[in-house]
1. Just wondering, is there one or more residues in the range 468-477 that are part of a strand (DSSP E or B), within 46 Å of the chain's Cα centre (by Cα), over 11 Å from THR434 (Cα atoms) and not charged (D, E, K, R)?
2. Select from the range 329-346 the residues that are part of a strand (DSSP E or B) and farther than 25 Å from GLN570 by Cβ and write down the one among them that is farthest from the chain's Cα centre (by Cα).
3. Could you grab me the full set of residues in the range 399-444 that are farther than 19 Å from VAL331 by Cα and of a type in the set (Asp, Glu)?
4. Just to be sure before I move on: is ASN444 assigned by TED's automatic domain parsing to the domain that holds ALA336 and on the phi > 0 side of the Ramachandran plot in the structure I sent?
5. Collect the residues in the range 571-603 that are assigned to a strand (DSSP E or B), hydroxyl-bearing (Ser, Thr, Tyr) and modelled with pLDDT under 95, keeping them in residue-number order.
6. Within the set of pairs 6+ apart or on separate chains, which have a first residue in the range 358-380 that is in contact (Cβ under 8 Å) with a residue 24 or more places away in the chain, a second that is outside any loop (DSSP other than H, G, I, E, B) and aromatic (Phe, Trp, Tyr), and C-beta atoms under 8 Å apart?
7. Kindly indicate the residue of the range 607-620 that is touching a helix residue (DSSP H, G or I) at 6+ places or on another chain (Cβ under 8 Å) and not in a helix (DSSP H, G or I) and also nearest to LEU536 (Cα to Cα) among those meeting that condition.
Amino acid sequence: MHFLYPAFLFALLTLAIPVIIHLFNFRRYQKVYFSNVQFLKDVQEQQSHRRNLKERLILASRLLALAFLVFAFARPYLPGKNAANAGKLQAVSIFVDNSYSMQTLNREGTLLDEAKRRAKEIASAYNINDSFQLLTQDFEGKHQRLLSRDEFNDAVDAVKISPQSRSLQQIISRQQGLLDMHRGGGRSVYVISDFQKNMQGTLSVKADTELKISLVQLKANILPNVAVDSVALLSAIHRPGESEKLVVRLHNYADKPAEKIPLKLSINGEQKALGSYTVKARAQQYDTLTFSGLKAGWQRAEITLQDNPVTFDNQFYFSFNVKQQMPILLVDGGIANSYLKAVFASDPFFAANRVTDGNVDYAALNTYPLIILSDINAISTGLSQQLKAYVSKGGTLAVFPSADADLNSYRSLLQPMNAAYPEKLSTGDTKVSTLNLQNQIFKNIFEGFPQNPDLPVVKKYYQLSSSTGNRAENLMTLPGGKAFWTGYASGRGKVYVSAAPLADDFSNLPRHALFVPVMFRIALLSGHDQPLFYTLGRDKGIETLPVKTNEKQLLKLVKGTQSIIPDTRQQEGSTLIYVADQLHETGTYDLKKADSTVAVLAFNDNRSESDLSYLNNTELAKLVPGASEIMEGGKGSLKGNVTDANFGLQLWKLCIILALIFLGAEILLIRFY
């Protein structure tokens with residue numbers, strides 16, 4: 001047996017007080033004379049014997065009552081698992097999971113409400129002078145300090161559902177980071193959660209061996225759930241009034257098939273498509289929705305599922321821009337290419353802007369989805385560097401060499417982008433032998449492909465290098481498998497390289513019937529538009545087109561009455577926006593500068609919360625090998641479990657009961673003996 005406050009045992013010296021009183025009875029006896037004391041003497045002897053026994057019993061009762069009272073203040077206990085720091089000030093970090101899955105109902109309400117109650121129970125098991133830290137999925141700065149018990153309870157009451165989702169390693173590392181500043185006493189960590197499987201990482205959780213880790217798992221009902229976790233538009237460039245195809249990925253997170261799940265697509269508040277889908281258990285399914293009739297401007301789209309009872313992931317938001325015109329930049333060596341000018345002048349949707357290679361506005365390159373180089377004898381180093389950055393960020397570059405090309409300058413441009421470059425001039429009449437009809441460029445161009453097609457005739461061309469280290473997507477091939485017009489993926493963008501200039505003395509390609517549709521397809525498949533959607537808590541930095549700001553004209557994210565000023569940073573060719581943890585609501589936000597809308601951004605929840613499957617005790621023990629205890633929240637009060645684990649079996653209540661019993665015995669002896 002140990003004592004939490006052994007200094008109180010000095011109070012046992014007070015046991016001498018009743019002993020002294022009983023040993024030294026200072027009452028004076030009055031003499032009474034009787035004529036015959038024979039009978040009185042017999043009675044006196046008999047009462048003296050009984051009185052001595054009574055007084056000794058009373059003395060023993062008083063001594064025992066006083067002793068057990070002293071023991072109660074000294075707090076005796078039988079040591080428990082974590083009793084090494086008993087008697088010291090404790091620093092306790094309690095994590096309350098407030099992710100979306102904690103909205104799930106059980107017999108006691110939502111899991112978040114139960115987690116709050118359990119957090120308060122744990123705090124009540126500690127002493128009034130101990131310190132507490134509250135941590136939630138938000139990792140807020142205001143929670144990075146120690147609180148008193150009353151302050152902790154108030155902070156727990158203020159916890160609300162959050163879109164954030166952290167791994168168990170991140171949570172325990174964050175808790176340990178604060179408690180490392182409290183090395184003088186005991187340090188304990190509690191994690192209260194439903195412990196979804198998305199909280200586990202690839203490795204076991206690592207933590208300080210001196211840290212006492214306890215896991216409190218709240219049991220939720222297992223519920224079926226289907227969610228849309230991703231969308232993609234097949235067209236990179238969107239034209240007013242044209243038909244669009246949207247690919248939707250449905251994910252069934254349950255162990256049973258989901259049948260006839262209704263789905264609705266709305267754009268700008270107008271219903272555009274309906275569907276009903278059946279998804280196999282634990283499977284993903286792709287479906288395509290077709291819609292049309294869009295007007296120019298930003299489109300605010302929403303997909304809605306009817307999937308009860310789990311509803312927090314029933315909406316999926318995305319946004320895109322339908323452009324009235326598509327800007328294209330034509331860069332030449334000083335003489336405009338008449339063929340390119342004629343191609344894009346044939347369709348008013350394309351707005352071609354022509355500049356010479358010495359007058360390119362580098363800051364505006366990212367505003368063009370497609371840049372075409374033609375008839376440039378020598379490409380400058382500065383232009384090469386800017387074009388490399390442009391392609392890496394998602395732009396599309398088409399290169400038609402000059403008849404008098406400086407091959408070294410073209411090599412300096414194309415080789416770093418893992419694209420083929422012209423090596424030497426080859427003469428001799430030949431003809432394009434094959435078209436790669438599997439390439440995306442040629443999709444929807446031919447209604448039917450003839451057996452003996454009329455393909456471009458080539459008089460001379462530049463042989464393209466073959467050892468690029470990047471897989472080529474040939475559009476047109478010469479006999480012997482030599483590339484004539486080919487494409488490469490580079491960074492987030494694309495590079496298309498032609499082996500021949502757009503000149504009649506090299507080939508009839510610029511006059512051929514294939515030239516116009518191929519150029520249109522390259523243009524329509526190009527583009528480095530912003531993503532259709534972002535994920536709350538995951539996408540910290542958002543890249544947009546360059547926007548100039550100052551102290552009076554700042555960028556703002558606006559949704560209804562909510563307005564947020566994000567941190568913005570300018571970089572070459574784009575603007576970066578950092579929202580950090582400022583956004584807590586899903587939906588579409590207008591990115592505004594003054595009264596003008598720069599872009600529309602859509603934010604969704606982290607779909608990892610949609611998988612309502614949980615870790616069991618065995619998996620938790622493997623994941624957190626240093627956990628001292630794994631408790632289930634639904635089994636009684638946690639206060640007794642925490643007290644027994646940290647302070648052992650407490651005996652002070654028993655001491656008080658025994659003290660009261662002996663006080664009662666003293667009263668009974670005095671009254672009835």
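The values are calculated or read from the model by the stated rules, or taken from the named source; none is laboratory data. This one's a predicted model, so the numbers in the text were calculated from it and none came from an experiment. As a convention, Cβ positions derive from the backbone with ideal geometry for all residues, glycine included, and neighbour counts pool all protein chains shown.
1. No, the conditions are met nowhere in the range 468-477.
2. Keep residues of the range 329-346 that are part of a strand (DSSP E or B), which gives 329-332.
Keeping just the survivors that are farther than 25 Å from GLN570 by Cβ gives 330, 332.
Numbers: LEU330: 42, ASP332: 46 Å.
Step by step, filter the range 329-346, then rank; the result is ASP332.
3. GLU423, ASP429
4. Numbers: assigned by TED's automatic domain parsing to the domain that holds ALA336: yes; on the phi > 0 side of the Ramachandran plot: yes.
Here the answer is yes, as ASN444 does meet what is asked.
5. As a first pass, look at the range 571-603 and keep what is assigned to a strand (DSSP E or B): 571, 574-578, 587-593, 596-603.
The next check asks that each one be hydroxyl-bearing (Ser, Thr, Tyr); those that pass are 574-575, 578, 588-589, 596-597.
Hits for the range 571-603 are SER574, THR575, TYR578, SER596, THR597.
6. That search, which allows pairs on different chains as well, returns LEU365/TYR390; ASN366/TYR390; ILE371/TYR390; ILE372/PHE400; LEU373/PHE400; SER374/PHE400; ASP375/PHE400; ILE379/TYR410.
7. Step by step, filter the range 607-620, then rank; the result is ASP611.
For every residue, the table says whether it meets (1) at negative phi; (2) at pLDDT below 85.
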| position | (1), (2) |
| --- | --- |
| THR618 | yes, no |
| LYS635 | yes, yes |
| LEU638 | yes, yes |
| THR643 | yes, yes |
| GLY648 | no, yes |
| PHE662 | yes, no |
| ALA665 | yes, no |
| LEU668 | yes, no |
| PHE672 | yes, yes |
